[in-house]
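First up is the structure itself, then whatever we jot down about it.
The values are calculated or read from the model by the stated rules, or taken from the named source; none is laboratory data. Everything numeric here is computed off the predicted structure, so don't read it as measured data. Because the Cβ atoms are built from the backbone with ideal geometry, glycine has one as well, and the counts that use them run over all protein chains shown.
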Amino acid sequence: MAVAVALPMAGCSMFDKKEDVAPDEPADKLYNEGLAGVSSGDYAAASKKFAEVDRQHPYTDWGRKAVLMTTYANYRAGKYDDAVISGSRYVQLHPTSPDAAYAQYLVAMSYYNQVPDISRDQERTRKAVDAFEELVRRWPNSEYAETARNRIMVARDQLAGKEMQVGRFYLSRRDYTGAINRFRVVVSQYQKTRHVEEALHRLVEAYMALGITGEAQTAAAILGHNYPDSEWYKASFQLISSGGLKPQENTDSWISKAFRGVIG
């Protein structure tokens with residue numbers, strides 16, 4: 001005969017156990033500890049405190065401010081990728097906040113501070129330009145807009161310089177079509193950089209080498225019209241003249257169309 005045996009019920013079974021969870025710390029306490037870290041220059045510790053505010057007290061004013069301060073602390077610590085993530089999150093969550101422009105500025109500066117030398121890939125430079133342009137577009141009257149405009153000019157000059165470097169390389173290898181494509185980018189997209197004069201002269205060189213004299217004459221004419229005292233124009237004029245030609249603009253040329261209404 002089967003006998004039912006009643007098992008004693010323990011006061012606390014293994015299924016009833018709960019992990020001890022530390023209670024949330026007051027938001028103002030954590031936030032002030034983060035500020036203390038910023039004041040002492042310990043940005044890594046500050047970032048952790050602000051992150052805890054955000055984690056423990058989301059959707060509060062303390063949490064909102066903590067996301068911005070996390071961005072600032074990461075930026076000052078040189079943790080630029082983390083600053084981009086938290087700054088972008090702040091702008092996305094709080095686009096109408098008075099501090100949104102500053103968050104976007106920190107995102108842009110995080111990219112800008114990672115701009116490499118001209119021999120390397122310029123992806124960070126392009127992202128810096130995009131981030132600064134967004135700042136100017138969305139907050140044109142903010143206190144950061146003028147700095148953003150200046151940084152855009154510097155970064156675009158860097159991008160143009162990269163195109164020039166590659167174009168010169170192709171030119172040295174007598175890959176004239178490849179060189180023209182690079183110089184065309186400078187002339188079409190970066191007319192207001194310091195590289196445009198040389199780009200026009202290099203187009204004269206490449207087109208003359210290919211025997212496409214009409215485009216060479218147009219490049220020289222536009223260079224002379226906009227930069228008559230340029231050493232690059234003197235070199236272009238000499239090269240054109242050596243072929244029995246003179247600078248003459250063809251208004252149907254892509255070079256003429258690229259400059260129309262931009263310079264001159």
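Values as computed for the structure displayed
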quantity: Helices (runs of 4 or more DSSP H) wholly inside segment 139-226 containing at least 3 residues that are of a type in the set (S, T, N, Q); calculated: 145-172, 176-189, 213-226
quantity: Of all residues making up segment 135-167, the number that are closer than 12 Å to Tyr105 by Cα and among the polar types (S, T, N, Q); calculated: 2
quantity: Lone qualifier among Ala235, Ala199, Ala206, Ala219 - being within 26 Å of the chain's Cα centre (by Cα) and either within 18 Å of Ser253 (Cα to Cα) or of a type in the set (A, V, I, L, M, F, W, C) (or both); calculated: Ala199
quantity: Some residue of segment 53-60 being buried (at least 20 other Cβ atoms within 10 Å of the Cβ), over 15 Å from the mean Cα position of the chain (by Cα) and not in a helix (DSSP H, G or I); calculated: yes
quantity: Any chance Arg89 is crowded, with 18+ Cβ neighbours inside 10 Å and touching a residue at least 12 places away in the same chain (Cβ under 8 Å); calculated: no
quantity: Some residue of segment 101-124 being modelled with pLDDT of 95 or more, under 30 Å from Ala219 (Cα atoms) and touching a His at 6+ places or on another chain (Cβ under 7 Å); calculated: no
quantity: Positions within segment 184-193 being buried (at least 17 other Cβ atoms within 10 Å of the Cβ) and among the hydroxyl-bearing types (Ser, Thr, Tyr), in sequence order; calculated: Tyr190, Thr193
quantity: Checklist (1) buried (at least 16 other Cβ atoms within 10 Å of the Cβ); (2) over 13 Å from Ile255 (Cβ atoms) applied to Arg174, failing item; calculated: (1)
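Residues checked against (1) free of Cβ contacts under 8 Å to residues at least 12 places away in the same chain; (2) out of contact with any Asp or Glu (no Cβ under 7 Å at 6 or more places or on another chain); (3) within 30 Å of Arg120 (Cα to Cα); (4) surrounded by fewer than 13 Cβ atoms within 10 Å (Cβ to Cβ):
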{"residue": "Arg182", "(1), (2), (3), (4)": "no, no, yes, no"}
{"residue": "Glu205", "(1), (2), (3), (4)": "no, yes, yes, no"}
{"residue": "Gly214", "(1), (2), (3), (4)": "no, yes, no, no"}
{"residue": "Ile222", "(1), (2), (3), (4)": "no, no, no, no"}
{"residue": "Pro247", "(1), (2), (3), (4)": "no, yes, no, no"}
